[in-house]
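Every read-out reported here was derived from the displayed coordinates using simple, explicitly stated rules and does not represent laboratory data. Since the structure is predicted, the reported quantities are computational estimates derived from the model, not experimental observations. Virtual Cβ from ideal backbone geometry, glycine too; neighbours counted across all protein chains shown.
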């Protein structure tokens, strides 16, 4: 069952066509890779899916709802969330606070309930905290929960960023180059983490990656972009031997 | 552990209630009332400036709208203070909506300048709409708040300084309570996220524009409340009290006290009310030194006095930890 | 109808002075990322400097103007050395408040040193009137426009042709890239502040004979400069020029035909309206 369907998605910035007539879909529970040389438009696709950019043409259907042109905060509420290429957390507050902030859109009690100390608010706050701690444990960040986010190691911050995204209770995660700059053992840990996220938390994952080992390793299917257009789609084996893909990557950087 | 905190607050409140009984000097009591009003101002402004991180320089406009609304309604229409008070707050809130809705789309310094512009326009309206506001002549003979009468048992009048102090004290405590509750909820977390990284905040489902509006509105409501209390305290208002310089002063209360903390605005309001009095002996040099002081504080203590206190406390904690370690090593 | 053109001319005159302040302001912001709210006091210091040079040295108006521009440019260098450079890492909004403190300090120091008394600068140009197209325009106002245009053109040529000017443009677009390309950022900073302050000084000196010199004279012009810079787009030279002239003209016309009381407020109304409609100003780039 498709959780996200992208049809004829196009984004033009003035004269520049960043994404052209993109069509693909992701089924619930899959891990799909989105690859392509630098500047192929992969992050732009994420921005389009999450509502940061409005598409020039095309439609996006998520979980049965047409989310084309939706604002980012509404897309998150529906269950689609992304992480950023450069690790983005809230550096000045504690790891736990970061996580609880991520739970924001799932808390219903607003300002009035806060002032009047309603029991619903207290319950939801408690729930937020428990969920946060649970995810932190899952990510092996439990020991850090009281630390200020900017003081924990980079790799931990990376996991925290994913954790905050998970705190929004998404159905689908868009991960933008989760292993960039990591050494082989860290990369393997990330691979295991992503696989665990899919299996144990039931989240669908769309992954932008340059590290072919990661992509070939965990992705069930791969979509290849070049100059904003899809040039190939298929299983890792199919993509590996696809001549168009090889041509696209020839001469451009590829970390293997 | 929580009970001791409640006890501490209770004792504090009792002490505050005793102030008029102890403070016989009428002028000091008057200062206490004014400080109380400005604590409401600063605490409200802290929500948009300190927590949400949006530099707003039009707070005097909300203060002024609150003051003028109740002044006009009570002198022209003879309306009851207790009706005017919420109306003043609503007027300030409406103004915040009008100013904020388009302006909060702007980032950092652009928003700051837009607020300056809006503040100046409001002041100009207060100054020039003579039919409504009596322009530069101001509004005088503002009556004290109507007495609270409970049947035949109890009448509380507010024409004495003492009783006015209790009125302001009540609203000040209410303000601080409400704001602390808001900050400790998801709204407070949203404000903080917006302040730190608003793009990131949006990406985790926070309606950035909506929460900025909310913070701005809340700060305006309390600004209007303070303005109304101010009006009925000093009994005469004119546009000169509601300039951009005043707004800047209010921002300084928040910043010098320590933005983004609950105590900061209290400290800041105290400081900026007491300081001009304390520096009175410097006479003509006062304002020049004030400017210099402002620069020095912003350069060396950007987190305000509360920030300095926090750093000192952290330093002290580190020292005592190391000395403990020293002891345990000694035993080895 | 004649009156209309006189108002227009006056508007262009005051507008030219606005352009000069705004230019300095926008250069400093565009290249150094500094919003200096004490820029109005630099303008004021320029006027006072010219006044004292005229009083004490008895030279002509133009030599005094040039000399004081050089002195105030020197003040700019000093400010960079002791204030802006050490604080270059400080967040922008903190710098804003620091510059507010500087502004308060300078205004009050000037009041202490030179009293609040308004000083008049006498120049022969005040009394001369020229007949242009049948209109009588005081030469001083004409001078503001002429000198203003000359200076504007000079600045534009400087940043387009000369090496340092090009360096300034490079830095305003990409600081890190410029540094990597070997541009001496410190030199650029100094030059920018010198030029920015010099421009403010020229503006103050030109306007002083008409509007009198006093310690608070810079407060409103700096906000108008801000309005212009936002109208025209932060860091845009063309925007400052168009915006400044536009504001001067519209202000004068609205004061004459709508309401004198609203003259200064008009700038703010315009500012707010522009920001709401086009958050990046008329020439600015989108902010998102």
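Quick one: among C:73, C:255, C:47, which has the greatest mean-square fluctuation in a GNM of chain C with alpha-carbon springs under 10 angstrom? Result: C:255 has the largest fluctuation of those listed. Each Cα pair under 8 Å and six or more residues apart adds its separation to the average, and for chain B the resulting relative contact order is 30 percent. For residue C:139 and residue B:308, a Förster radius of 56 Å and the Cβ-Cβ distance give a FRET efficiency of 0.50, rounded to the nearest 0.05. For chain B, take the longest principal axis of its alpha carbons; what is the angle in degrees between that and the long axis of helix B:2-22, to the nearest 10 within 0 to 90? With both axes taken from Cα atoms, the answer is about 40 degrees. Highest average first, the peptides C:83-89, B:33-39, A:10-16, C:106-112 ordered by how many other beta carbon atoms sit within 10 Å of their residues are B:33-39, C:106-112, C:83-89, A:10-16.
To the nearest 0.05, how large is the calculated FRET efficiency for residue A:148 and residue C:81 if R₀ is 41 Å and r is the Cβ-Cβ distance? In this case the efficiency is close to 0.70. Mean per-residue shielding of peptide A:89-98 is 3, counting Cβ atoms of other chains within 10 Å of each Cβ.
With respect to chain A, whose longest principal axis is taken over its alpha-carbon atoms, helix A:184-201 is tilted by about 70°. Counting other Cβ atoms within 10 Å as a rough exposure proxy, the listed residues C:114, A:112 run A:112, C:114 from fewest neighbours to most.
Note on region A:103-256: Cα convex hull, mean projected area over all directions, 11.6 nm². Note on residue B:19 and residue C:157: their simple-model spin labels are 6.6 nm apart, each label 7 Å out from Cα toward Cβ. For chain B, the extents of the C-alpha atoms along the principal axes are 82, 49, 48 Å, listed from largest to smallest.
The value for region C:114-215 of Rg(Cα) / (2.2 N^0.38 Å) is 1.48.
Here the spin labels are modelled as points 7 Å beyond Cα on the Cα-Cβ line, and at residue A:200 and residue C:253 they lie 7.0 nm apart.
Between helix C:2-32 and chain C there is an angle of about 20 degrees, using the helix long axis and the longest principal axis of the Cα atoms. For region C:175-217, backbone nitrogen atoms closer than 19 Å to the point 7 Å from residue B:240 Cα along Cα-to-C-beta are found at C:215-217. Placing R0 at 41 angstrom, the Cβ-Cβ distance between residue A:240 and residue A:133 gives a FRET efficiency of 0.50 after rounding to 0.05. Averaged over peptide C:83-95, the number of partner chain Cβ atoms lying within 10 Å of each residue's Cβ comes to 3. Stretching the chain fully between residue B:28 and residue B:157 yields a gain of 44.4 nm (0.36 nm per residue, less the alpha carbon separation). Listing B:103, B:88 from fewest to most neighbouring C-beta atoms within 10 Å gives B:103, B:88.
Remark: mean inter-chain Cβ contacts per residue of C:270-277 equal 5, using a 10 Å Cβ-Cβ cutoff to other protein chain atoms. Of the residues A:4, B:65, A:218, the one with the fewest other Cβ atoms within 10 Å heads the list, and the complete ranking is A:218, A:4, B:65.
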